[in-house]
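Undergrad: Sharing a structure with you now.
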There are 2 protein chains.
Amino acid sequence: MAGISRRRLFGLGAAGVAAAGAGTLAVRSLQGEEAGPTTATAAGSGTESAAVPFYGEHQAGIVTPAQDRLHFVAFDVTTRDRAELVELLQEWTAAAARMTQGQEAGALGAVGGLPEAPPDDTGEALGLPASGLTLTVGFGPSLFDDRFGLAGRRPQALADLPKFPGEALLPEISGGDLCVQACAHDPQVAVHAIRNLARIGFGRVSVRYSQLGFGRTSSTSRSQATPRNLMGFKDGTANLKLEDTAMLREHLWAAPEDGAAWMAGGSYLVTRKIRMHIETWDRTSLTEQEAIFGRNKGEGAALGMAKEFDEPDFAKRGPDGQPLIADIAHVRLAHPSSHGGARMLRRGYNFVDGSDGLGRLDAGLFFIAYQRDPRRQFVPVQLALARQDVLNEYIKHVSSGLFAVPPGVRDAGDYWGRGLFG
Amino acid sequence: MAGISRRRLFGLGAAGVAAAGAGTLAVRSLQGEEAGPTTATAAGSGTESAAVPFYGEHQAGIVTPAQDRLHFVAFDVTTRDRAELVELLQEWTAAAARMTQGQEAGALGAVGGLPEAPPDDTGEALGLPASGLTLTVGFGPSLFDDRFGLAGRRPQALADLPKFPGEALLPEISGGDLCVQACAHDPQVAVHAIRNLARIGFGRVSVRYSQLGFGRTSSTSRSQATPRNLMGFKDGTANLKLEDTAMLREHLWAAPEDGAAWMAGGSYLVTRKIRMHIETWDRTSLTEQEAIFGRNKGEGAALGMAKEFDEPDFAKRGPDGQPLIADIAHVRLAHPSSHGGARMLRRGYNFVDGSDGLGRLDAGLFFIAYQRDPRRQFVPVQLALARQDVLNEYIKHVSSGLFAVPPGVRDAGDYWGRGLFG
């Protein structure tokens, strides 16, 4: 390996090319290798380092048991050329198929390319395992304007969200033509994936905003314990779970009969960045905190019940004749029974963006919910919460996103959004 | 457990009091329990969930094998009453002794307290293990002004840093009277700890700034592989390691003969938030990237050498007669041999604070280095780098911190900074 830098590098480059096509690696190699068409190392979520299959009927990252870390990004499309946009989606799909399997973003890798060219991968995830990385793409309402000839293909379910009482949305961290949700058990892996998609997209898209999150705030599988949000309460107890196949069909996946045939097998994503007034909350009494949520803090049981998963009894009254769970308690307002059975698959993350310059933590919940039709699910639930929830004294919605998440990529010949553009 | 909320809560509260003193738990309980005086569950760093001993000659979180996540906070002291400040340090020490052992911040916990009072712990880490949490406190130069009668006790080694060429420091995220470095393998645990210290400090300190980090960028033990920074290069190969006891004595720990006897067994901390121009770097050729670092990207070996830990040969020249490692390559400028053997213990983390509104990731390195005397270690190294390092085209120092980190807390009767205030 000794010798002058360039000669050594050229040697490495040649080795990288020679090895191309040799197969799929569980760990990012130090030389580029071609991604095989199948997900050889996919092993479910048994271990935190394993790979999650990329190809399938639905995109990964929705019912996939929620990983612990998030890097979410929204892009503005800067090209006005439809063919360039399609080409980008094809390149992104190929890179995502590689990265989710623990490989580098491009076949030439971070050190296997031509020394006079920038690397084909940024390199900070070299040697790290797949870490359960999933990449999930979505199309925002603004993509369906007249730039790309898509106006006639906008799904009805992708209706603009109404203005909700009390929200204080910042346009610069809301919306977006495209989004990518990267989830992994290692933040370095999630950050690496988004960074490489942004790098590949240079000149065609630009990053509108991005958000890191940690400590999933919902479980999406019965194999996971319900985690706690930054208010210290268990969150998402009544969440849709991947094991509930019939419920997922009813509440999660878009179907052909919904219109917009290209979305069948997809879902609709709503994101809300919810800032919490942490310091005020921390000075609120335990009784008041529990009354606001309608659950106790330790076990997570609805008030009057013993266990977290006991169904709340909203009719139960205390000796004073008042309902144990107040009419405006969060658990009652958000409960499916208050909305004709409306359910969502929540997949949010805590965020802490440092502090706000006024001595307060800039922290809260990056809310993520997937559903079949936001008009029947997120919108009525959020309207009820925004109008009545006592929790509103302690939170503020500062960003909002809405995206049509197309179905999964079937195989190496397919790409994200082929049904829409093809 | 059924019954009205308050009765149930009072019941829990009584149980919590009854259980007080029963011992130390490895996992945060749902009822408050007194911390035992010793670190019963401390088991080193064998697993990511284990507890790190809190009491000792040195503070934990310095030579402790670097955990994967950081929450760093700087506080301004708002009280002008020395006794109140001492009381705060005593309360913080007691809370830190508990939290690092996987317990709640206060003895009454998040659900075991009086229902009409705010909880004694914010609760979001309930049920999570200790996760290797360490809490490390430091005193900034501004603490030694005339507010607390400490002017005569300022260590000479805590000399203000000079202005470095090219730095663009933001005062609102620099400095601080006090700092706490929280490191853990679970960000929820690190965030929880800082939040509870801020909560306890309400009315006496206010948060000046805080920073989350992930993916340690240095190894502090020979048992750890060298990680990669966001430029994709292995970082901190020549770092001080906990196994090098004699080197630590020489380069890391303050000694009685250094003056400021209260600092013996302590160390000096320099923090620098270094923003990276990620997108520009990603468009730089591999040859140029490697020439700038003076190392190859894959293996991390100094140019001209085969392996990461091979000592760089700065005399080696290529066939063109030029040095293989340029005079202004990072590895040469930062190498101990260029600074009379000056070494530091680096313990930095990557950060990604979302994006900057101009389509670029707001990302880089939160540099953390411990040393015996910054005047002989950080300052000369950084002056050389700031003057000559080609890397400066790709980075910008935006914040700076300097702190005297006192020795460890010996036992339950001791507290952070007793040598300074006692």
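The values are calculated or read from the model by the stated rules, or taken from the named source; none is laboratory data. Bear in mind the structure is a predicted one, so any value in this text is a computation, not a measurement. Methodologically, a virtual Cβ is constructed for each residue, glycine included, from the backbone with ideal geometry; neighbour enumeration extends over all protein chains shown. Please note that ligands, DNA and RNA were not included when accessible areas were found on the heavy atoms of the full protein model with its side chains. Shrake-Rupley method; radii C 1.70, N 1.55, O 1.52, S 1.80 Å.
Undergrad: Within the group B:L252, B:L248, B:L197, which residue is under 22 Å from B:A51 (Cα atoms), modelled with pLDDT of 95 or more and within 18 Å of the chain's Cα centre (by Cα)?
TA: So the residue among B:L252, B:L248, B:L197 that is under 22 Å from B:A51 (Cα atoms), modelled with pLDDT of 95 or more and within 18 Å of the chain's Cα centre (by Cα) is B:L197.
Undergrad: Tally the residues that are within 30 Å of A:A254 (Cβ to Cβ) and open to solvent by 20 Å² or more (accessible area, probe 1.4 Å), restricting the search to region A:336-360.
TA: Counting residues in region A:336-360 that are within 30 Å of A:A254 (Cβ to Cβ) and open to solvent by 20 Å² or more (accessible area, probe 1.4 Å) gives 8.
Undergrad: Using the structure shown, decide if B:V191 is hydrophobic (A, V, I, L, M, F, W, C) and facing another protein chain (nearest Cβ under 8 Å).
TA: Yes, satisfied.
Undergrad: I need every pair where a residue in region A:351-365 that is within 8 Å of chain B (Cβ to nearest Cβ) has its Cβ under 6 Å from the Cβ of a residue that is assigned to a loop (DSSP other than H, G, I, E, B) and of a type in the set (A, V, I, L, M, F, W, C), sequence separation at least 6 or different chains.
TA: A:A363/A:L230
For (1) at pLDDT 95 or above; (2) over 14 Å from B:A198 (Cα atoms); (3) in a strand (DSSP E or B); (4) over 22 Å from the mean Cα position of the chain (by Cα), each residue gets a yes or a no:
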| residue | (1), (2), (3), (4) |
| --- | --- |
| B:E84 | yes, yes, no, yes |
| B:L89 | yes, no, no, no |
| B:E116 | no, yes, no, yes |
| B:D120 | no, no, no, yes |
| B:G132 | yes, yes, no, no |
| B:L135 | yes, no, yes, no |
| B:G138 | yes, yes, yes, no |
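Undergrad: Kindly provide the set of residues from region A:384-410 that are β-branched (V, I, T) and away from every other protein chain (no Cβ under 14 Å), ordered by number.
TA: Residues satisfying the conditions are A:V390, A:I395, A:V405, A:V409.
Undergrad: Right, here's the next one. If I go through region B:367-409 residue by residue, how many of them are within 21 Å of B:L230 (Cα to Cα), of a type in the set (K, R) and buried (at least 18 other Cβ atoms within 10 Å of the Cβ)?
TA: Residues in region B:367-409 being within 21 Å of B:L230 (Cα to Cα), of a type in the set (K, R) and buried (at least 18 other Cβ atoms within 10 Å of the Cβ): 0 in total.
Undergrad: Can you go through B:L161, B:L197 and tell me which one is closer than 30 Å to B:A238 by Cα, hydrophobic (A, V, I, L, M, F, W, C) and buried (at least 18 other Cβ atoms within 10 Å of the Cβ)?
TA: From the options B:L161, B:L197, the qualifying one is B:L161.
Undergrad: Sticking with this structure for a sec: Within region B:376-383, can one find any residue that is away from chain A (no Cβ under 14 Å), over 12 Å from B:I274 (Cβ atoms) and over 22 Å from the mean Cα position of the chain (by Cα)?
TA: Yes, the conditions are met somewhere in region B:376-383.
Undergrad: Among the residues of region A:314-325, count how many are more than 7 Å from chain B (Cβ to nearest Cβ), part of a loop (DSSP other than H, G, I, E, B), of a type outside the set (A, V, I, L, M) and open to solvent by less than 60 Å² (accessible area, probe 1.4 Å). Give the steps one after another, and end with the answer.
TA: Here is the first cut: in region A:314-325, the ones more than 7 Å from chain B (Cβ to nearest Cβ) are A:314-317, A:320-323, A:325.
When the remaining residues are screened for being part of a loop (DSSP other than H, G, I, E, B), the result is A:314-316, A:320-322, A:325.
Retained after the next criterion (residues that are of a type outside the set (A, V, I, L, M)): A:314, A:316, A:320-322.
If we keep only those that are open to solvent by less than 60 Å² (accessible area, probe 1.4 Å) as well, we get A:314, A:321.
Residues in region A:314-325 being more than 7 Å from chain B (Cβ to nearest Cβ), part of a loop (DSSP other than H, G, I, E, B), of a type outside the set (A, V, I, L, M) and open to solvent by less than 60 Å² (accessible area, probe 1.4 Å): 2 in total.
Undergrad: For B:I328, which of the numbered conditions (1) over 30 Å from B:Q181 (Cα atoms); (2) without any contact (Cβ under 8 Å) to a residue 40 or more places away in the chain; (3) open to solvent by 30 Å² or more (accessible area, probe 1.4 Å) fails to hold?
TA: With (1) over 30 Å from B:Q181 (Cα atoms); (2) without any contact (Cβ under 8 Å) to a residue 40 or more places away in the chain; (3) open to solvent by 30 Å² or more (accessible area, probe 1.4 Å) applied to B:I328, the lone miss is (2).
Matching residues to (1) touching a residue at least 24 places away in the same chain (Cβ under 8 Å); (2) open to solvent by 10 Å² or more (accessible area, probe 1.4 Å):
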{"site": "A:G123", "(1), (2)": "no, no"}
{"site": "A:S174", "(1), (2)": "yes, yes"}
{"site": "A:A182", "(1), (2)": "yes, no"}
{"site": "A:G201", "(1), (2)": "yes, no"}
{"site": "A:R222", "(1), (2)": "no, yes"}
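Undergrad: Let me ask you something else. Scan region A:203-218 residue by residue and report those that are more than 9 Å from chain B (Cβ to nearest Cβ), surrounded by fewer than 23 Cβ atoms within 10 Å (Cβ to Cβ) and touching a strand residue (DSSP E or B) at 6+ places or on another chain (Cβ under 9 Å).
TA: Once the filter is applied, which keeps residues that are more than 9 Å from chain B (Cβ to nearest Cβ), surrounded by fewer than 23 Cβ atoms within 10 Å (Cβ to Cβ) and touching a strand residue (DSSP E or B) at 6+ places or on another chain (Cβ under 9 Å), region A:203-218 yields only A:R204.
Undergrad: Mind listing whichever residues of region A:61-76 are open to solvent by 10 Å² or more (accessible area, probe 1.4 Å) and either assigned to a strand (DSSP E or B) or not hydroxyl-bearing (S, T, Y) (or both)? I'd like the intermediate steps shown before the answer.
TA: The first filter runs over region A:61-76 and keeps only residues open to solvent by 10 Å² or more (accessible area, probe 1.4 Å), leaving A:63-65, A:68-69, A:76.
Correct list: A:V63, A:P65, A:D68, A:R69, A:D76.
Undergrad: From the list A:H330, A:H277, pick out the single residue that is at pLDDT 95 or above and either over 30 Å from A:E172 (Cβ atoms) or not charged (D, E, K, R) (or both).
TA: Selected residue: A:H277, the only one of A:H330, A:H277 that is at pLDDT 95 or above and either over 30 Å from A:E172 (Cβ atoms) or not charged (D, E, K, R) (or both).
Undergrad: Looking at (1) among the charged types (D, E, K, R); (2) within 25 Å of A:L248 (Cα to Cα); (3) in a strand (DSSP E or B), which is the only condition A:R275 fails?
TA: (2)
Undergrad: Let me ask another. Considering only region A:127-136, how many residues are surrounded by fewer than 24 Cβ atoms within 10 Å (Cβ to Cβ) and among the aliphatic types (A, V, I, L, M)?
TA: Looking only at region A:127-136, we keep the residues that are surrounded by fewer than 24 Cβ atoms within 10 Å (Cβ to Cβ), and these are A:127-129.
Still in the running and among the aliphatic types (A, V, I, L, M): A:128.
The qualifying residues number 1.
Here's the yes/no breakdown for (1) assigned to a loop (DSSP other than H, G, I, E, B); (2) of a type in the set (A, V, I, L, M, F, W, C); (3) farther than 19 Å from A:R372 by Cα:
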residue: A:G149; (1), (2), (3): yes, no, yes
residue: A:E172; (1), (2), (3): no, no, yes
residue: A:A190; (1), (2), (3): no, yes, yes
residue: A:A193; (1), (2), (3): no, yes, yes
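Undergrad: Now for a separate question. Is it the case, given these coordinates, that A:A117 is free of Cβ contacts under 8 Å to residues at least 40 places away in the same chain, under 26 Å from A:V189 (Cβ atoms) and surrounded by fewer than 19 Cβ atoms within 10 Å (Cβ to Cβ)?
TA: Yes; evaluated as a whole, the condition is true for this residue.
Undergrad: Exactly one condition in (1) open to solvent by less than 10 Å² (accessible area, probe 1.4 Å); (2) touching a helix residue (DSSP H, G or I) at 6+ places or on another chain (Cβ under 6 Å) is not met by A:D282; state its number.
TA: With respect to (1) open to solvent by less than 10 Å² (accessible area, probe 1.4 Å); (2) touching a helix residue (DSSP H, G or I) at 6+ places or on another chain (Cβ under 6 Å), A:D282 is out only on (1).
Undergrad: Is one or more of the residues making up region A:242-257 within 14 Å of chain B (Cβ to nearest Cβ), without any contact (Cβ under 8 Å) to a residue 60 or more places away in the chain and among the aliphatic types (A, V, I, L, M)?
TA: No, region A:242-257 has no match at all.
Undergrad: Where the second residue is of a type in the set (F, W, Y) and the first is within 7 Å of another protein chain (Cβ to nearest Cβ) and lies in region B:282-305, which pairs have Cβ atoms under 8 Å and are six or more apart or on separate chains?
TA: Every condition considered, the pairs that remain are B:R283/A:F202; B:T284/B:Y394; B:K297/B:F233.
Undergrad: How many of the residues making up region A:256-266 are surrounded by 14 or more Cβ atoms within 10 Å (Cβ to Cβ) and either more than 14 Å from A:H58 (Cα to Cα) or not aromatic (F, W, Y) (or both)?
TA: Narrowing region A:256-266 to residues surrounded by 14 or more Cβ atoms within 10 Å (Cβ to Cβ): A:258, A:260, A:262-266.
Those still in the list that are either more than 14 Å from A:H58 (Cα to Cα) or not aromatic (F, W, Y) (or both) too: A:258, A:260, A:263-266.
Counting residues in region A:256-266 that are surrounded by 14 or more Cβ atoms within 10 Å (Cβ to Cβ) and either more than 14 Å from A:H58 (Cα to Cα) or not aromatic (F, W, Y) (or both) gives 6.
Undergrad: Sticking with this structure for a sec: Does region B:172-188 hold any residues that are at the interface with chain A (Cβ under 9 Å from one of its Cβ atoms) and closer than 17 Å to A:D362 by Cβ, and which are they?
TA: Listed by number, the residues that qualify are B:E172, B:I173, B:P187, B:Q188.
Undergrad: Which condition number in (1) under 18 Å from the mean Cα position of the chain (by Cα); (2) open to solvent by 40 Å² or more (accessible area, probe 1.4 Å); (3) among the hydrophobic types (A, V, I, L, M, F, W, C) is the one that B:A151 fails?
TA: All conditions are met except number (1).
Undergrad: Before we move on, is B:R272 open to solvent by 20 Å² or more (accessible area, probe 1.4 Å), touching a strand residue (DSSP E or B) at 6+ places or on another chain (Cβ under 7 Å) and of a type outside the set (A, V, I, L, M)? Reasoning before the result, please.
TA: On the way: open to solvent by 20 Å² or more (accessible area, probe 1.4 Å): no; touching a strand residue (DSSP E or B) at 6+ places or on another chain (Cβ under 7 Å): yes; of a type outside the set (A, V, I, L, M): yes.
It is false that B:R272 is open to solvent by 20 Å² or more (accessible area, probe 1.4 Å), touching a strand residue (DSSP E or B) at 6+ places or on another chain (Cβ under 7 Å) and of a type outside the set (A, V, I, L, M).
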